[in-house]
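Working notes, structure below.
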Amino acid sequence: MDPFPADDLLLTSECETTEEEEDGQLDEQEEEEEQETVGWGLLPEVCLRRVFSFLQDCDRARAALVCRHWLRVLHAPELWRARSFVFSGRAAKSRRADFQSAVCYAKTFGRHLETLEIRFTNPVNSLTSRRFQQTLRTFLAVLRKDNSRLKSLSICCMELDRPAWSRSVRNALVKSLSIFLRKAGHRLDNLNLRGARLGPLQGCELLESIAHQSGKSALSKLNIEDFFPQATAVYTLPAFAHALARFRNLSVLSLSYSCVSDSLLEALAAGCARTLGALHVRCHALEPHGQVVWGVAWARLVQGCPRLRVNFSIERILHADRLLRILLPEIPVRSLGLSTCYFSEQDWTVKPVLTEVLPLFKDCLQKLILDFNNSHESVDDELLQLILQCSKLSYLKVWAFLDVRFIETLLQHRLEGKCSLKTIKIRIYTNRYDTHEEDHLLEEFFTKYKELIEKELSYFVISYPML
């Protein structure tokens with residue numbers, strides 16, 4: 001049998017080269033390989049750090065095995081200054097390795113952290129809640145010992161009022177967090193504890209821990225929205241206003257409307273005079289919001305904090321008389337969001353809100369977000385009149401039942417300079433499944449005002465069937 005098949009002999013004959021040609025090819029290959037090696041070897045560290053910043057941890061681990069140079073670059077503090085951990089509270093999605101990885105990160109790179117976000121969502125049983133508590137305890141202990149750079153800390157959505165949290169685990173978690181904030185909290189600039197849902201006593205004690213060194217504290221941004229359980233009437237707790245009074249440098253404060261009281265506003269006016277610039281208030285129909293807050297208290301706060309701008313987000317509060325108790329004319333409302341959350345009451349009408357409530361802020365309102373289920377009435381004229389009244393309104397987002405020709409009228413007024421809108425985002429609800437006619441008209445309006453839209457507006461308008 002021939003040891004070299006005909007096909008192999010043919011291939012060999014076609015690929016034959018002279019020794020000189022082979023040497024030339026080898027030299028070229030060696031030169032190219034040398035250039036590649038030299039190129040990667042001389043690549044500036046700043047470029048490598050930029051590339052590595054886009055990699056996940058598993059890819060960074062592989063890159064660290066390439067060479068000692070890459071390993072050294074991967075230990076650069078710039079790559080580890082910001083970190084986000086998301087843990088699932090569902091047993092099927094919760095993995096022990098995720099918690100262990102977070103602890104390992106704290107021990108290896110925790111000293112470099114400047115921005116840390118931890119989110120724990122939907123705890124459904126005691127096992128996952130205990131794992132999270134133990135992980136957070138170790139993580140914070142390492143940071144308290146080794147880290148002096150942390151400026152921003154966010155621990156969101158713990159929902160400590162859920163049955164998944166036993167009393168002992170909840171107390172242990174709050175204790176760890178309280179110790180950390182008391183020892184290292186004075187270095188923080190931003191603290192976000194949204195959705196903690198602590199009991200009134202523990203919540204006020206934790207706030208006292210945050211403000212323990214208020215004279216030295218650099219904290220300027222604090223988010224305590226949903227910090228207490230939903231049914232808690234925080235405005236009746238003197239300890240809450242007392243705790244907030246100890247903060248001296250707040251520039252941005254986010255909280256629920258159930259926390260707002262005359263004593264709180266007086267405390268903020270005294271403690272954060274001339275520093276408080278933004279107050280974000282969320283109000284939900286299921287939360288206690290029947291308290292009486294006097295306009296004079298708001299006026300004193302504005303006088304003490306002349307740069308103050310208030311942003312309201314209000315959900316499922318539909319009637320104008322209830323809104324008028326909350327949205328007092330003394331409040332400098334810059335941004336306002338009103339949502340019915342797809343709930344509808346046939347005896348409710350949105351027109352008084354558009355004609356009596358919102359015009360109170362026509363001289364200061366800059367951002368307006370409306371989500372109404374107004375299938376039983378037309379509000380096109382009232383909404384257009386409100387937009388024309390608000391001289392500083394630059395951002396408009398509306399989800400509602402509107403006539404599609406409302407868009408043409410609005411764009412025409414904007415072209416004539418009758419309003420100052422820069423952002424228009426509108427979802428036009430319709431009861432019909434087929435929106436071909438509405439889509440065709442919207443295309444015509446876009447073509448007609450194309451120059452205005454492309455040069456001066458952030459524009460997004462669609463029709464949306466509500467069936």
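The values are calculated or read from the model by the stated rules, or taken from the named source; none is laboratory data. These numbers were taken from a predicted model, which means no experiment stands behind them. All Cβ positions, even for glycine, are placed from backbone atoms using ideal geometry, and neighbour counts span all protein chains on display. Side chains included, ligands, DNA and RNA excluded: accessible areas come from the protein's heavy atoms. Shrake-Rupley method; radii C 1.70, N 1.55, O 1.52, S 1.80 Å.
Quick notes on this one:
- Backbone phi angles across the range 116-127, fed through the Karplus curve with coefficients 6.51, -1.76 and 1.60 (θ = phi - 60°), yield HN-Hα couplings of 10, 10, 10, 10, 10, 10, 6, x, 10, 8, 5, 5 Hz in residue order; Gly and Pro are listed as x.
- Residues whose amide H falls under 5 Å from that of residue 87, counting only those 5 or more places apart or on a different chain, are 119, 120, 121, with hydrogens built in the peptide plane.
- Amide H within-cut-off set for residue 337, under 5 Å, with H built and near neighbours excluded: 312, 313, 314, 369
- In Å², nearest 10: area of residue 148 left accessible to a 1.4 Å probe: 80
- Options (1) -0.92, -1.24; (2) -0.76, -1.37; (3) -0.73, -1.25 - which one matches log10 I(q)/I(0) by the Debye sum over Cα atoms at q = 0.10, 0.13 Å⁻¹ as calculated here: (1)
- Length gained on full extension, residue 134 to residue 454: 109.9 nm, using 0.36 nm per residue less the C-alpha separation.
- Amide H within-cut-off set for residue 430, under 5 Å, with H built and near neighbours excluded: 464, 466
- Cut-off of 10 Å, at most 13 other beta carbons, DSSP loop: longest stretch of the chain lacking such GluC sites (Glu not before Pro): 17-344
- Accessible area per residue in Å² at 1.4 Å probe, computed on the chain: 52
- Percent accessible area from carbon and sulfur atoms, the chain, protein chains only, probe 1.4 Å: 51
- Computed from backbone phi, the HN-Hα couplings of the range 428-438 come to 8, 6, 9, 8, 9, 6, 8, 10, 4, 5, 5 Hz, rounded to whole numbers (Karplus: 6.51 cos²θ - 1.76 cosθ + 1.60, θ = phi - 60°; Gly and Pro given as x).
- Within straight-line cross-link reach of residue 351, lysines at Cα separation under 18 Å, skipping those fewer than 8 residues along the same chain: 362, 397
- Charge dipole (debye, nearest 20) of the range 343-420; +1 at Cβ of Lys and Arg, -1 at Cβ of Asp and Glu: 460
- 3J(HN,Hα) from dihedral phi, the range 408-418, Karplus parametrisation 6.51/-1.76/1.60, rounded to Hz, x for glycine, proline: 5, 4, 5, 5, 5, 5, 5, 5, 7, x, 7
- Extension reserve of the residue 95-residue 436 stretch, reckoned as 0.36 nm per residue once the Cα distance is removed: 118.0 nm
- Taking the Cα centre of the chain as origin and assigning +1 to Lys and Arg Cβ atoms and -1 to Asp and Glu Cβ atoms, the resulting dipole is close to 5100 debye.
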